[in-house]
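Worksheet: one structure, shown below.
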Amino acid sequence: MGERFEEIRSRLAEKLLRYTAEREHIEYEIPGLLIHRITRPTEPVSYLLPPSICMVVSGAKRVVLGEEEYRYDAHHFLLSSLDLPVVACIVEATEEAPYLGMRLELDMEALLEVVYDPDVVSFVEARSSRAMAIGEMTAPLLSSFERLVDLLEEPDHIPVLAPLVHREILYRLILSGQGARLKQIATIGSHSHQIARAVTWLKEHFTEPLRILELAALIGMSPSSFHQHFRTLTGMSPLQYQKRLRLNEARRLMLQGLDATSAAFQVGYESLSQFSREYKRLFGLPPSQDIRRLREEGVAQRA
């Protein structure tokens with residue numbers, strides 16, 4: 001990666017260690033920024049990953065979307081251009097060399113502005129592709145993240161400067177190998193933009209029965225085209241996506257103290273046995289055992 005890259009990475013690691021000295025997961029005043037320090041490999045945790053760039057300063061992380069696995073480290077970043085239900089775990093972390101990571105949720109309004117800025121290089125509209133990808137971390141992109149972290153020392157300047165650095169990060173992503181992937185989501189009328197609308201609907205209505213014909217009509221696609229492009233982008237069918245949303249929400253409710261039966265019915269299940277069966281298939285344990293394990297291990301459902 002080069003000497004400059006390692007210098008930036010080393011400085012950034014020192015800063016993240018300082019900011020995470022007392023807590024593992026920290027949300028700061030900078031909108032959408034989450035910083036992690038983990039000192040051990042973790043068990044897989046399921047959650048909904050928003051459109052984000054996830055980067056590692058030290059250690060490594062594995063994310064599974066559908067049947068596909070994505071592994072990234074200090075030399076690579078993970079890009080998600082849709083809300084995606086994933087299963088993830090830290091695979092490299094020790095007390096001496098902890099996992100240090102950052103997640104920046106993408107500002108989609110800013111992305112639209114950057115994509116259509118006349119000074120930004122135009123990209124040929126690409127066909128729908130997976131809404132998650134691994135990219136190569138570069139020194140300029142890493143430097144942008146360092147400047148974002150540096151703003152934590154000047155909180156009064158965050159409202160003005162953080163959006164500018166965020167736009168720079170988006171700009172560098174667009175010019176990277178991920179530019180077309182981001183543009184396809186931001187381009188109104190594209191298949192990817194239509195699927196993004198469907199994902200938004202599913203997030204807001206996941207407790208309701210899923211009617212493919214009505215949802216496809218809502219976003220202006222035929223049912224067969226909707227199925228095809230949805231699976232291409234998310235790695236799963238609309239029904240599987242809805243199930244992940246329901247099960248993740250039920251898990252969150254049970255961690256807050258709700259019993260399994262109430263949680264199942266609250267997220268839209270009509271059969272408790274079906275809920276328990278699908279819950280175990282996704283999380284590896286029946287609801288009560290899984291919640292007990294999470295509480296004992298103190299596993300946080302964070303990205």
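Any read-out appearing in this document is the output of simple, stated calculations on the displayed coordinates, not a laboratory observation. Owing to the predicted nature of the structure, the values given are computational and were not obtained by experimental measurement. As a convention, Cβ positions derive from the backbone with ideal geometry for all residues, glycine included, and neighbour counts pool all protein chains shown.
About its Cα centre, the chain has a charge dipole of approximately 1120 debye under the convention of +1 per Lys or Arg Cβ and -1 per Asp or Glu Cβ, with nothing else charged.
Provide the gained length on full extension for the span HIS205 to ASP156, in nm with one decimal, where the gain is 0.36 nm per separating residue minus the Cα-Cα distance. If you can, show how the numbers build up before the last one.
Details: separation 49, 0.36 × 49 = 17.64 nm, distance 3.85 nm.
Between HIS205 and ASP156, full extension yields 13.8 nm more.
Sorted fewest first by neighbouring Cβ atoms within 10 angstrom, PHE265, PHE145 come out as PHE265, PHE145. The residues TYR269, TYR241, TYR28, when put in order of fewest to most other Cβ atoms within 10 Å, stand as TYR28, TYR269, TYR241.
One decimal place: the segment GLU136-GLU109 gains 7.3 nm when fully extended, by the rule 0.36 nm per residue minus the C-alpha distance. 3J(HN,Hα) along region 205-219, derived from phi through the Karplus expression 6.51 cos²θ - 1.76 cosθ + 1.60 where θ = phi - 60°, amounts to 10, 5, 7, 8, x, 8, 10, 4, 4, 5, 5, 4, 5, 4, 9 Hz, with x in place of Gly and Pro. Straight Cα distances below 23 angstrom link LYS280 to the lysines LYS203, LYS243, with same-chain residues fewer than 8 positions distant left out. On full extension, the segment bounded by GLU296 and ARG11 gains 99.1 nm, given 0.36 nm per residue less the C-alpha separation. Compute the FRET efficiency between SER273 and GLN228 as 1/(1 + (r/R0)^6), taking r as their Cβ-Cβ distance and R0 = 35 Å, and round to the nearest 0.05. Approximately 0.65, to the nearest 0.05. In the chain, inverting the average of 1/r over every pair of distinct C-alpha atoms gives 20.4 Å as the Kirkwood radius. Per residue, the convex hull spanned by the Cα atoms of region 32-76 amounts to 98 cubic angstrom.
The residues neighbouring ARG147, those whose beta-carbon lies less than 13 Å from its own, together hold a net charge of -1 under the Lys/Arg +1, Asp/Glu -1 convention.
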